[in-house]
1. Can you give me the Cα centroid spacing of segment 112-159 and segment 175-249 in angstrom?
2. What order do you get for 239, 37 when you list them from fewest to most C-beta neighbours inside 10 Å?
3. Would you mind ranking 152, 246 by Cβ crowding within 10 Å, fewest neighbours first?
4. So how do 219, 158 line up by other beta-carbon neighbours within 10 Å, fewest first?
5. Taking only the Cα atoms of segment 106-266, how large is their convex hull per residue, in Å³?
6. Suppose a student asked you for the relative contact order of segment 106-266, using Cα pairs under 8 Å spaced at least 6 residues apart; what percent would you report?
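Values quoted throughout were computed directly from the atomic coordinates according to the rules given, and no laboratory measurement underlies them. Because the structure is predicted, anything quoted here is derived from the model rather than measured. Cβ atoms come from the backbone with ideal geometry, glycine included; neighbour counts cover every protein chain shown.
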Amino acid sequence: MSGQLGLSQRELQIAQSYADGKTYQTIAGTLCIAPSTVRTHLATIYRKLEVSSKLELARHLRGEAPQPRNPSEMAAVVSELALSLEEAISREKALSEVLRIISASQGDPEAVMPLILTYALELCDAEFGILFEYQQDGGFLANHTVGIPKPFRTWLNDQGVFAASPQTGLGRMDEMRAVINIIDVKSEAVYQTDDPLRHATADLGGARSFVAIPMLAGDSLVGAFTIYRQTVRPFSEDTTRLAQMFADQSVIALENARMIRAIQAAHS
């Protein structure tokens, strides 16, 4: 069958798995290859079979007659696949870099968090970022910041541990345990109130577009990873997924640091 389709045995295996609904990660784990390699194979498969979706791929594998497609449509499909592949590989490289940063820090959050935040801001094209630690009493503490305007940093220092109202992005994230993506912090109704956090964010920090991502250890909230743009440029879904990756790795770094501190305290 692979010869009839013009696919190698490996390509056919990947094509069938993907058409059956398996993810890149699942296929990669089964075949002991990287997810980026799965994507590379799929780009080749789509080009060879002249398909542009998982549904078309499944139909082709079942031997159904393909829908006619003109060359310009196929060129657009191939270009889109190539772009998606480049973006996926970039995300994998970013993850590798974050893991390298964490490993090099030897569990020291004071060393690793600014590096993670700096790298996240560069890739997410944002001006400043904050890593809030979540306290047992439900408050937030801005322990790590990068690029933050001095007036906003001073305000956060003066607040220490503070509670975020349910109308703010941080408060909504706390309540929902979900990503909160705000197009413009000045356009929301809470900005017309006297909420101190929203005014500090917008007026002292100059923030406009904002995303807050929960840092979860199991079901427990341990912090929040927030990034800010000082112009109205909404964060895309790809950017929020990238920020989520940084948040997830920050949880690992924080938990490792806490474990190391606990071990050191037990032996002191």
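1. 11 Å
2. Numbers: 239 20, 37 16.
So the residues, fewest neighbours to most, are 37, 239.
3. If I rank by nearby Cβ atoms, fewest first, I get 152, 246.
4. Details: 219 6, 158 9.
Going from sparsest to densest Cβ surroundings: 219, 158.
5. On the way: hull volume 17.9 nm³, N = 161.
Expressed per residue, the convex hull around the Cα atoms of segment 106-266 is 111 Å³.
6. Working: 271 pairs, mean separation 41.2, N = 161.
For segment 106-266, the relative contact order is 26 percent.
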